[in-house]
Amino acid sequence: PPVPEVATDRRGTPIVTAAWEAAHPPSAQTDLVAGLGGEPTILLTGDDGRLLEYALQAECTHLGCLVGPWNPLQQRFVCPCHGSEYRRDGSVAR
């Protein structure tokens, strides 16, 4: 079987769940990291501050732009290129 790829933080350090949760306050709802293939990926946390079991690709489905950070007021990720909006589950809101 293929060897699993490890997600890394912005410095290239492998992400370990317990270490990530200890280093981020429970209010840190998202974090941009390098995903399994090096693509920009958004880690998400639940209300308890623990990492969710899934992450979102941080590229817009329309033009491939890097989606902006989570906007807690709009409860959306917003694409800066053309304004598409995405929910925390990755579905298109607008």
Expected single match for modelled with pLDDT of 85 or more, out of contact with any Lys or Arg (no Cβ under 8 Å at 6 or more places or on another chain), in a strand (DSSP E or B) and of a type outside the set (Asp, Glu) among Leu73, Leu52, Leu32 is Leu52
Within region 29-82, the residues that are open to solvent by less than 80 Å² (accessible area, probe 1.4 Å), farther than 19 Å from Thr17 by Cα and of a type in the set (S, T, N, Q) are Asn71
Among Pro4, Pro26, Pro80, the single one that is modelled with pLDDT of 90 or more and assigned to a loop (DSSP other than H, G, I, E, B) is Pro80
Of the residues in region 83-94, those that are open to solvent by 30 Å² or more (accessible area, probe 1.4 Å), in a loop (DSSP other than H, G, I, E, B) and either more than 24 Å from Ser27 (Cβ to Cβ) or in contact (Cβ under 8 Å) with a residue 40 or more places away in the chain (or both) come to Arg88, Arg94
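The values are calculated or read from the model by the stated rules, or taken from the named source; none is laboratory data. Bear in mind the structure is a predicted one, so any value in this text is a computation, not a measurement. Reconstructed Cβ throughout: ideal geometry from the backbone, glycine too, with neighbour counts over all protein chains shown. Note: accessible area is taken over every heavy atom of the protein model, side chains too, but ligands, DNA and RNA are not part of it. Shrake-Rupley method; radii C 1.70, N 1.55, O 1.52, S 1.80 Å.
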